[in-house]
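For reference, the structure discussed in these notes is given below.
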Amino acid sequence: MLAVVLSGGGAKGAYEVGVWKALRKMHIKYDIVTGTSIGALNGMMMVQNEFYKCIRLWKNINYDILYDNFKKITSSKEMYLEYLNKIFDGGIDTNKIEQIINNLYKPNKLYNSKINFGVVSFNLSTRKVIYSTKKNTRPDKLKKYILASATCFPFFKPTKIGTDILVDGGYYDNLPINLALDLGATEIIAVDLRAVGFKQKIRNEKIKVTYIEPNNKLDSFLMFDSNVTKRMMKLGYNDTLKKFNKLDGDLYTFKKGTIDNLYFKYINKINNLCNGLDYIGNFKKLKQDNFYKIIEDSLEIFDIAVDKIYNSNEVNKQLFIKLELADNINFDKFSIDELKKVLNREVIAKYIYLKLKKCDKINPLFTFFPKEYTTAIYLLAVGGNL
């Protein structure tokens, strides 16, 4: 039985929706879903099979939807200060989030689904974890446990059930693999957002666990901005397809065969260029299986978006667009003001590229920038000759 395990992570939960989209594309069926914190909310939607409602929620999310009287945010600093103020005021009221859950929670769909479901919350009153499942929890109470798990204390006020005070399950088990095992899982797909929270040791070390984790740094778990969450959904989708070998890449994402195509198309030109240089940088021991790193370094140097899926033509197109836009500075003789730009990686790469293209001598300082050097060589192989 296959289980999908969803960790907590606040706004980073958008990444999990991207994972879900990829699982749907691959027609991967699952029998169990367990979740903590935002993973409890996303997991509820997975069990209810309401993918498009979940997508709409995350695509349109903002502070006004989630909170009352939340100051307009224009920067990360303002965001953290506002959350800090709310903590000192006793936490953010959960009325709006509870309303969202009330609107999304469909007990008939959830309990009639063939997919088993469990969530984790933590009882502050007893200092004990609570594992709530469809089998051991009434529908009305399960909704409360989802709310408790999905609202991170102390940023939010805790949830009360009778005399018990409940908070985010991340205080005990932020990646509830053991709960999935208790529900009968024999294989696990675990989505770990690498958010703050405790994790429990897996009881069965022989169980097959496929971990899906962000290859790129995600934005703050408190950053509920629709543009940010759309990006994180794309990253979740891309990383999942890469994990299952449907796409290529690490930090960046490429259609299958893209890197191999670039390698075979340009490797002879690259070798010819390197033979005429005193310094050949990372190309000295270039092999096909690590060529993707050269491409990814080049894309990273020019700050090209990581959430898109690239083919061969798009890789080169984006690199030359950014090369054209980069400042052109001659580092042979530069002023103090220009010296401040020496750590601008795209400017350095452009300088080396232009010097190599003209067969001019390069300032020896820039032999200490091997990634920029190899980027320049790659660009020459694609678009010019020495």
> Restricted to segment 293-311, and to residues that are at pLDDT 95 or above and open to solvent by 70 Å² or more (accessible area, probe 1.4 Å), which residue is nearest to Gly236 (Cα to Cα)?
Replying inline: Lys308
> Which of the following residues is open to solvent by 70 Å² or more (accessible area, probe 1.4 Å) and part of a loop (DSSP other than H, G, I, E, B): Lys135, Lys144?
Replying inline: Lys135
>> Give me the residue from segment 147-180 that is without any contact (Cβ under 8 Å) to a residue 40 or more places away in the chain and either under 20 Å from the mean Cα position of the chain (by Cα) or in a helix (DSSP H, G or I) (or both) and, out of that set, farthest from Asn116 (Cα to Cα).
In response: Ala148
>> List pairs: first residue in segment 14-29 and within 21 Å of Ala185 (Cβ to Cβ) and at pLDDT 95 or above, second residue open to solvent by less than 10 Å² (accessible area, probe 1.4 Å) and of a type in the set (Val, Ile, Thr) anywhere in the structure, Cβ distance under 7 angstrom, at least six positions apart or on different chains.
In response: Glu16/Val191; Val19/Val191; Val19/Ile212; Val19/Thr240; Ala22/Thr240; Leu23/Thr240
> What do you reckon, is Arg203 under 10 Å from the mean Cα position of the chain (by Cα), at pLDDT below 95 and either within 27 Å of Asn311 (Cα to Cα) or open to solvent by 70 Å² or more (accessible area, probe 1.4 Å) (or both)?
Replying inline: no
> Name the residues in segment 245-256 that are open to solvent by less than 20 Å² (accessible area, probe 1.4 Å) and either more than 19 Å from the chain's Cα centre (by Cα) or among the hydroxyl-bearing types (Ser, Thr, Tyr) (or both), would you?
Replying inline: Tyr252, Thr253
> If you go through segment 318-367, how many residues are loosely packed, with under 13 Cβ neighbours inside 10 Å and either over 30 Å from the mean Cα position of the chain (by Cα) or modelled with pLDDT of 90 or more (or both)?
Replying inline: 19
>> Six or more apart or on different chains, Cβ atoms under 8 Å: show the pairs whose first residue is in segment 90-115 and small (Gly, Ala, Ser) and whose second is surrounded by fewer than 18 Cβ atoms within 10 Å (Cβ to Cβ).
In response: Gly91/Pro154; Gly91/Phe155; Ser113/Asn49
>> Give me the helices (runs of 4 or more DSSP H) completely within segment 1-73, filtered to those with at least 3 residues that are of a type in the set (Gly, Ala, Ser) and under 21 Å from Val209 (Cα atoms), ordered by residue number.
In response: 38-48
> How many residues, within segment 219-232, are hydrophobic (A, V, I, L, M, F, W, C) and surrounded by fewer than 23 Cβ atoms within 10 Å (Cβ to Cβ)?
Replying inline: 4
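The values are calculated or read from the model by the stated rules, or taken from the named source; none is laboratory data. Remember, predicted model here, so these are calculated numbers, not experimental data. No Cβ is skipped: glycine too gets one built from the backbone with ideal geometry, and neighbour counts run over all protein chains shown. Accessible surface areas use protein heavy atoms only, side chains included; no ligands, DNA or RNA. Shrake-Rupley method; radii C 1.70, N 1.55, O 1.52, S 1.80 Å.
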